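In what follows, a single structure is set out as structure tokens and then discussed.
The values are calculated or read from the model by the stated rules, or taken from the named source; none is laboratory data. All values reported here derive from a predicted model rather than from experimental measurement. Positions of Cβ are backbone-derived with ideal geometry, glycine not excepted, and every protein chain shown enters the neighbour counts. Just the protein is used for accessible areas: all its heavy atoms, side chains included, with ligands, DNA and RNA removed. Shrake-Rupley method; radii C 1.70, N 1.55, O 1.52, S 1.80 Å.
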Amino acid sequence: QDMLGFADLVYQETLGEDAFTFVEGVKAGKSCTILVKGQNPHSIAQVKDAIRDGLRSVKNAIDFPKLVAGAGALEIAAHKHLTSVVKDSVNGRAKLGVQAFADALLIIPKALAENSGFDLQDTIIKLQEAYQRDPTNPVGLDVVSGEPIHPEKLGIWDGLLVKKSVMHLSTVLASQLLLVDEMMRAGRGSRPKDPNMASMED
């Protein structure tokens with residue numbers, strides 16, 4: 001008991017083709033096992049993914065209790081800020097980078113609109129116009145009606161930690177892809193010419 005702890009009941013039970021050990025009545029238990037059952041491996045995998053996502057959301061909320069407006073509201077507001085404020089504060093080719101990053105942010109509300117069966121351009125224009133009329137209130141997408149909504153009033157939130165991670169990782173991945181592309185171009189330019197190809201041209 002001093003080494004293994006205490007439990008009222010420990011028993012093994014066979015469910016289907018697998019044997020499971022159940023430990024009940026633990027005095028200071030801080031862990032639990034979730035038993036997932038399904039008709040086929042695909043449905044079990046879907047349930048496991050949903051449970052894992054839910055547990056991670058709870059963990060993120062506990063570790064980093066800060067939220068931002070959901071339903072694509074953050075991306076609409078960030079796009080407006082980048083294209084109207086940040087873009088005017090930089091010079092030269094940096095403007096192209098700011099515009100590209102701002103356009104990339106719109107992939108979130110575009111995905112919401114596409115998955116909900118709405119026209120992408122019309123939906124994005126509605127959201128941008130609604131936010132431009134009142135920049136003090138974040139504007140998101142209602143996936144049922146396709147109209148702009150105020151996510152904060154409806155309790156639609158996203159974790160700030162998740163948003164920061166997504167933006168950071170996407171930027172890093174895009175930079176790495178561009179770096180690989182530049183290296184391939186440089187390698188192709190410095191490759192020595194094949195003498196056989198030269199003789200064929202002559």
How far, in degrees from 0 to 90, does helix 160-189 lean away from the longest principal axis of the Cα atoms of the chain, to the nearest 10? 50
For segment 1-56 and segment 66-115, distance of Cα centres in Å: 43
Once the whole set of protein chains is in place, how much accessible area is left on Y11, using a 1.4 Å probe, in Å² to the nearest 10? 70
Around V26, which amide H atoms from residues at least 5 apart in sequence, or from another chain, sit under 5 Å from its own amide H, with H modelled in the peptide plane? D8
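Taking Cα atoms of segment 1-103, Rg/Rh with Kirkwood Rh, to two decimals?
Details: Rg = 25.1 Å, Rh = 19.4 Å.
Computed over Cα atoms, the ratio is 1.29.
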Taking the chain as a Gaussian network, where each spring joins two C-alpha atoms under 10 Å apart, which residue of I108, I51, I76 fluctuates the most? I51
Solvent-accessible heavy-atom area per residue, rounded to whole Å², over the chain at 1.4 Å: 76
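Quick one: net charge of E152's neighbours, Cβ under 13 Å, K/R +1, D/E -1? If you can, show how the numbers build up before the last one.
On the way: positive: K153; negative: D134, D158.
Taking every Cβ under 13 Å from that of E152, the sum is -1.
Let me have the 222 nm mean residue ellipticity of the chain computed from DSSP H runs of 4+ only, each contributing -39500 (n - 2.57), with the sum over all residues rounded to the nearest 500. Don't jump to the answer; show the numbers that get you there.
Numbers: 8 runs with 108 residues, N = 202.
Rounded to the nearest 500, the figure is -17000 deg cm²/dmol.
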From the coordinates shown, mean projected area of the Cα convex hull in nm² corresponds to which of (1) 13.4; (2) 24.3; (3) 12.2: (2)
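For A7, what is the net charge nearby, where nearby means another residue's Cβ is under 13 Å from its Cβ and Lys, Arg count +1, Asp, Glu -1?
-1
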How much accessible surface does D88 have with a 1.4 Å probe, in Å² rounded to 10? 110
Exposed-loop-free span, longest in the chain, where trypsin sites (Lys or Arg not before Pro) count as exposed if DSSP calls them loop and at most 14 other C-beta atoms lie within 10 Å: 94-192
